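One structure is given here, and the rest of the page talks about it.
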């Protein structure tokens with residue numbers, strides 16, 4: 001399966017009716033985040049739900065990468081306004097790491113947004129205040145190497161008060177933004 005090319009697509013709204021696919025995506029996201037954010041959330045807190053992925057898909061906000069017909073990665077893409085989009089929940093299957101799946105998904109999104117005339121892409125990175133988490137350090141470094149600039153930060157409790165009670169440790173978020181140039185790849 002590792003030699004097959006990736007098929008990356010923005011899922012059409014009708015894909016939200018495919019419960020098996022919605023479950024496969026939610027399960028992958030939760031599997032990846034259970035390891036990547038271990039110690040940040042209270043035990044048993046999922047990153048997402050099948051219902052949430054179904055809603056995102058129905059609004060044409062889920063990008064999925066498949067290899068050999070199997071979901072191997074995904075990202076949530078939201079258009080915030082005419083000039084700005086945001087991504088979150090970027091994942092790739094743990095057994096297929098270091099094969100460029102995340103980068104290819106990011107490039108797909110970047111090119112899609114450029115073709116639609118979106119001027120900038122932003123990412124919020126959840127960061128624990130007093131806990132060192134390797135995956136967060138990796139993502140911060142990757143964002144900066146990939147040309148994203150820090151444009152803000154804030155408290156999770158203030159911006160997302162419904163999430164604060166689910167946190168095991170106090171957290172903030174760092175807001176990264178990158179300018180999109182037509183024909184450029186992220």
Percent of Cα-Cα pairs per 10 Å bin, from 0 to the last occupied bin, for region 86-168, please list those. 13, 42, 34, 11, 0
Quick one: length gained pulling residue 95 to residue 27 fully straight, 0.36 nm per residue minus the C-alpha distance? 23.0 nm
In a Gaussian network model over the chain where Cα atoms closer than 10 Å are linked, find which of 124, 144, 86 has the largest mean-square fluctuation. 144
Between the alpha-carbon centers of region 114-150 and region 4-35, tell me the distance in whole angstrom. 22
Using a Förster distance of 25 Å, how high is the FRET efficiency between residue 14 and residue 51, based on the Cβ-Cβ distance and rounded to 0.05? 0.90
Once the Cβ-Cβ distance between residue 107 and residue 164 is put in as r, and R0 is 35 Å, what FRET efficiency do you end up with, to the nearest 0.05? 0.55
Can you give the relative contact order of region 38-186 as a percent, counting alpha carbon pairs under 8 Å and 6+ residues apart? 26
Full-stretch length increase - residue 82, residue 132 - with 0.36 nm per residue and alpha-carbon distance subtracted: 14.4 nm
Please tell me the relative contact order of region 88-175 in percent, rounded to the nearest whole number, where contacts are Cα pairs under 8 Å and at least six residues apart. 32
Where the centre of each part is set by its Cα atoms, how far does region 39-77 sit from region 165-180, in angstrom? 18
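Coordinate-derived values only; no laboratory data. What you see is a predicted model, and the numbers here were worked out from it, not measured in a lab. Here Cβ is always computed from backbone atoms with ideal geometry, including for glycine, and neighbour counts include all displayed protein chains.
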